[in-house]
Amino acid sequence: MPPDRATDHKVAALLAQRGRMYEVMGPIRRFGLGLEPHSPGLAEVMAAGDAWFRADLAEVFAPELGRDRDAFAPGGLLDALEAASSWAAWDHLRTRRGLDGPAARAALERTLRALLAPTADGAL
């Protein structure tokens, strides 16, 4: 996804892609989370996947992150985007709240758009 696209377009495209991925990997991820504490190799693979998802966010939303001076600080915008677009957030909406895929995606899109909405002074 080119970082220069409109923010709303990037949010929708990112979550459409992740929604498809999360649906496929959901059962495997749930199983892996149970084994992760007992398997350093599995923990390493899962951490690498998490790092890839985070790096993807940083690349796709580079212009938006660049407008926030604390974006990469602990608890900053990148952490918020990662949490809001995570498999854990998707899984919560799908399994705990009982939402279907489109409704879960809509909830996460709303969250990401709110996080990325500029303030009156243009900052995030």
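The values are calculated or read from the model by the stated rules, or taken from the named source; none is laboratory data. Only a predicted model underlies this, so the values are computations on that prediction, with no experimental measurement involved. For the accessible areas, the whole protein counts, side chains as well, though only heavy atoms, and no ligand, DNA or RNA atoms are used. Shrake-Rupley method; radii C 1.70, N 1.55, O 1.52, S 1.80 Å.
Give me the angle, in degrees from 0 to 90, between the Cα long axis of helix 40-60 and the longest principal axis of the Cα atoms of the chain, rounded to the nearest 10.
The two axes meet at around 20 degrees.
For the chain, take the longest principal axis of its alpha carbons; what is the angle in degrees between that and the long axis of helix 101-116, to the nearest 10 within 0 to 90?
That helix lies at roughly 40 degrees to the long axis.
With the full set of protein chains in place, find how many percent of the accessible area of the chain is carbon and sulfur; take the probe as 1.4 Å. Walk me through the numbers on the way to the answer.
Numbers: 4270 of 7190 Å².
Ligands and nucleic acids excluded, carbon and sulfur give 59 percent.
What number comes out for accessible area per residue over segment 11-95 if the probe is 1.4 Å? Units Å², please.
In whole numbers, segment 11-95 has 54 Å² accessible per residue.
Given the alpha-carbon gyration tensor of the chain, what are the semi-axes of its equivalent ellipsoid in whole angstrom, ordered largest first, with each equal to the square root of 5 times an eigenvalue?
Details: eigenvalues 137, 63, 30 Å².
Whole-Å semi-axes of the equivalent ellipsoid: 26, 18, 12.
Which whole-number percent gives the relative contact order of the chain, counting Cα pairs below 8 Å spaced six or more residues apart?
32 percent
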